[in-house]
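First up is the structure itself, then whatever we jot down about it.
Computed from the coordinates by the stated procedures, all read-outs in this text should not be read as laboratory data. Please read these numbers as outputs of a predicted model, since none were measured by experiment. Every residue, glycine among them, receives a Cβ derived from its backbone with ideal geometry; neighbour counts consider all protein chains shown.
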Amino acid sequence: MSSKKLFQNGEAAPEGSVGRHGNPLTNRIVLALSGLAAVVSFVTLLFMLREIAFIQEQQTTFMREIQDQQTAFQTDLREELQAYLKDQVLQMQLKQKNEAKDKINHYIVTLSPATYCFPDCAAVKAAGHTTSGVYTLGPPLSGVEVYCDMDTAGGGWTVIQRRIDGSVPFDLTWEDYKHGFGNKNGEYWLGNEIIHRLTTLKDFRLRIDMMDWEENERYAEYGIFRVLDDASNMYRLAISGYSGTAGDSMIGSYPNNGQLFSTVDRDNDVHSWRHCSQVCGHGGWWYRDCGRSFLNGRYLGNCGNSCPREQGVVWYHWRGPYYSLKSVSMKIRPR
């Protein structure tokens, strides 16, 4: 019996025909291709998984680097902040230490029983206190505060007058000049009564330091300076022995030597028809008629050589009558 397969019409199928189940070779090829496709798909999947793993690893590494950078930044910031705060604390401690040192130096003089040996700033300096500042004197001026200049020309100067910025008016009355006024750390007049009591205890010299608005500096020294009389005799002045770089505006022409003190409300100058204090800046001074120095005149600021004549802080023999000085200080020290 024949093994050939028949079509429905009864004809035999040609050899090599696939028929319903196909050719075995073809089937093998199809199977091989299917297997290859599966392998390709698997390999592709492996590559994709590997790529995903690589990306995840990169992402993890990137996140770790970001975290490390954040940690390092926070650490650096914390260290810098700690260093800054430490520096601020050290600066504050140093400032407080220096302030405490200055206060101790001041109160050693102010509160110590040894203060009774310090009648003036020269005695303060001789005791080893070399910082310029405000000190309290002992007898005969117990409780009187003065500014001690420990830097100029060897130090030990008791400052009796200072003008630096115009913050204190000097066009004041007889009583104001008698008792003193102003701020010992700034502008002030020590007081005629105190100056009189100081300068009658021993022989003093006077130094006047001046500065103009161009920052030029000059000075005048007088080997003898004394306020001879008290208020009842109008605080008469004795002054002589000029030396220095500013020129002599106190004992040359129109000398202040022997003159009485005048203020805007007390006319004691020798001028018969002028009240010098009222016409020369309204400051208190030892006017003659009227003079060549007006260190207590109005503080006019920087008006150059166009200031009102003899109205400002004037030292005639340096900058002339139309110039008002920037700063001036009068200070005394025992001879």
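Straight-line cross-link reach from LYS202 at under 20 Å between alpha-carbon atoms covers these aspartates and glutamates, not counting any fewer than eight positions away in the same chain: ASP120, GLU145, ASP149, GLU193, GLU221, ASP229, ASP230.
Two numbers describe the Cα atoms of the chain: Rg and Dmax, which are 49.9, 175 Å.
Straight-line reach from LYS97: taking Cα to Cα under 16 Å and skipping same-chain neighbours fewer than 8 places apart, the aspartates and glutamates in range are ASP87.
Amide H to amide H distances under 5 Å link GLY133 with CYS148, MET150, where only residues 5 or more positions off or on other chains count and H is placed in the peptide plane. Of the residues ILE160, ILE55, ILE251, the one that moves most in a GNM of the chain with alpha-carbon contacts below 10 Å is ILE55.
Protection proxy ranking for 284-292, 58-66, using the average of other Cβ atoms within 10 Å per residue and placing the highest first: 284-292, 58-66. Using C-alpha pairs under 8 Å with a sequence gap of at least 6, the mean separation divided by the residue count of the chain gives a relative contact order of 12 percent.
Nearest 20 debye, what's the magnitude of the dipole of the stretch 121-334 about its Cα centre given +1 on Lys and Arg Cβ and -1 on Asp and Glu Cβ? Each step should come with its number before you reach the end.
Working: 22 positive and 24 negative charges, 68 e Å.
Its charge dipole is roughly 320 debye.
In the chain, a dipole from Cβ-located charges (positive for Lys and Arg, negative for Asp and Glu) runs towards its positive end, and of GLN259, ILE224, SER41 it is SER41 whose Cα lies farthest in that direction.
Summing charges over all other residues whose Cβ lies under 13 Å from the Cβ of ASP265, with Lys and Arg as +1 and Asp and Glu as -1, gives -2.
Considering only Cα-Cα distances, which of the following residue pairs are longer than 32 Å: LYS86/LYS125; LYS95/LYS331; LYS86/LYS326; LYS95/LYS125; LYS95/LYS178; LYS86/LYS184? Correct reply: LYS86/LYS125; LYS86/LYS326; LYS95/LYS178; LYS86/LYS184.
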